[in-house]
Amino acid sequence: MNGATEKYLVQMAGLQGKEQVVVLGPGPGVGLRAAAQYAGVVVGVDPSQEMLLAAKRRCRELVECGKVELIHGEAADTHRPERSASVVMSVNNVHLWPDRAAGFAEIHRILKPGGRLLISVHAKWAPDGLAEEVAAAGFGDVVSKQWRPPARGAGTALIVKAHRSEQ
């Protein structure tokens, strides 16, 4: 059910060539596959071993050639080096993070200066003040909008897009 939204965020991100993308909570890997078409390396970070196995099955050849990496972790602990990612994306899981402030701090840490953050969540599950939380974590150019995925029966999504400052 998240596939259309994941593909939409990949389009919004404007991925290019050698960029490293981190997908938080990639589930069965639809967004990983979509991002791998445009990025250098795509890293899926998920707290669920079951979802990591599903993503590995879907992206087997991309994992084998090193285009996709899968890591057991969470938003607040991605196990990624500082300033290593050009883009961080999350679809329909920000409301499940145990500590959103810690998650946003971690994302800020791993994003390169000028890096992009894209979060989507079903509007009905969106935490109040999500865009403000992103801004409070030090991100700039924070924009939020609503989007209706084309999937039948899909609810409206809240999308928040932001950049890490150049410093």
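The values are calculated or read from the model by the stated rules, or taken from the named source; none is laboratory data. Quick caveat, the model's predicted, so the values are computed rather than measured. Methodologically, a virtual Cβ is constructed for each residue, glycine included, from the backbone with ideal geometry; neighbour enumeration extends over all protein chains shown. What goes into the accessible areas is simple: the full protein's heavy atoms, side chains included, and nothing from ligands, DNA or RNA. Shrake-Rupley method; radii C 1.70, N 1.55, O 1.52, S 1.80 Å.
Give me the mean projected area, in nm² to one decimal, of the convex hull enclosing the Cα positions of the range 1-125. Present the calculation step by step, with values, prior to reporting the outcome.
Numbers: hull surface 27.8 nm².
Its Cα hull, projected and averaged over all orientations, spans 6.9 nm².
Could you grab the relative contact order for the range 33-101? Cα pairs under 8 Å, six or more apart, rounded to a whole percent. Don't skip to the answer; put the middle values down first.
Details: 57 pairs, mean separation 21.6, N = 69.
Answer for the range 33-101 is 31 percent.
Take the solvent-accessible surface of the protein heavy atoms, probe 1.4 Å, and return the percent of it on the chain that carbon and sulfur atoms account for. All intermediate terms of the calculation are to be shown ahead of the outcome.
Numbers: 4000 of 7980 Å².
Carbon and sulfur atoms account for 50 percent of the accessible area of the chain.
Keeping all protein chains in place and using 1.4 angstrom, which order do K161, K18 fall into by accessible surface area, from largest down? Before the final figure, lay out the partial values.
Numbers: K161 60, K18 195 Å².
Result, largest first: K18, K161.
Using a Gaussian network model of the chain whose springs link C-alpha atoms within less than 10 Å, name the residue from A151, A39, A13 with the highest mean-square fluctuation.
Result: A151 has the largest fluctuation of those listed.
If exposed GluC sites (Glu not before Pro) are those in a DSSP loop with at most 14 other Cβ within 10 Å, what is the longest stretch of the chain that has none?
Working: sites that count: E82, E166.
The segment 83-165 is the longest one with no such site.
Only four residue types carry charge here, +1 at the Cβ of Lys and Arg and -1 at the Cβ of Asp and Glu. Report the dipole size of the range 59-155 about the Cα centre in Debye, rounded to the nearest 20.
Numbers: 12 positive and 12 negative charges, 87 e Å.
So the dipole magnitude of the range 59-155 works out to roughly 420 debye.
Considering only DSSP beta bridges where both residues belong to the chain, give the percentage that are antiparallel (nearest 5). Intermediate results must be reported in sequence, preceding the final value.
On the way: 15 of 35 bridges.
Given both bridge residues lie in the chain, the antiparallel proportion sits at roughly 45 percent.
Less than 13 Å Cβ to Cβ from A54, Lys/Arg counted +1 and Asp/Glu -1: what total charge do the surrounding residues give? Intermediate values should be presented prior to the final figure.
Numbers: positive: R33, K56, R57, R58, R60; negative: D46, E50.
Charge balance in the 13 Å sphere: +3.
So, in nm, how far is label R57 from label A101 when the simple model puts each one 7 Å beyond its Cα toward the Cβ?
Here the answer is 4.0 nm between the modelled labels.
In a Gaussian network model over the chain where Cα atoms closer than 10 Å are linked, find which of A101, A157, A131 has the largest mean-square fluctuation.
So, out of A101, A157, A131, the one fluctuating most is A101.
Sorted by accessible area with a 1.4 angstrom probe, largest first, how do K67, K145 fall? Spell out each step's value before the answer.
On the way: K67 55, K145 80 Å².
The residues order as K145, K67, largest area first.
Top to bottom by accessible area (1.4 Å), largest first, where do S84, S165 land? Each step should come with its number before you reach the end.
Working: S84 20, S165 50 Å².
Ranked list, largest accessible area first: S165, S84.
Per 0.36 nm of contour for each residue apart, how much would the distance between A135 and S84 grow if the chain were fully extended, relative to their Cα-Cα spacing? List each step's numbers first, then the result.
On the way: separation 51, 0.36 × 51 = 18.36 nm, distance 2.06 nm.
Length difference between fully extended and current span is 16.3 nm.
Assign unit charges at the C-beta atoms only (+1 for Lys and Arg, -1 for Asp and Glu), then state the dipole size of the chain relative to its Cα centre in Debye, rounded to the nearest 20. Could you put the intermediate results ahead of the total?
Details: 20 positive and 17 negative charges, 126 e Å.
That gives the chain a dipole magnitude of about 600 debye.
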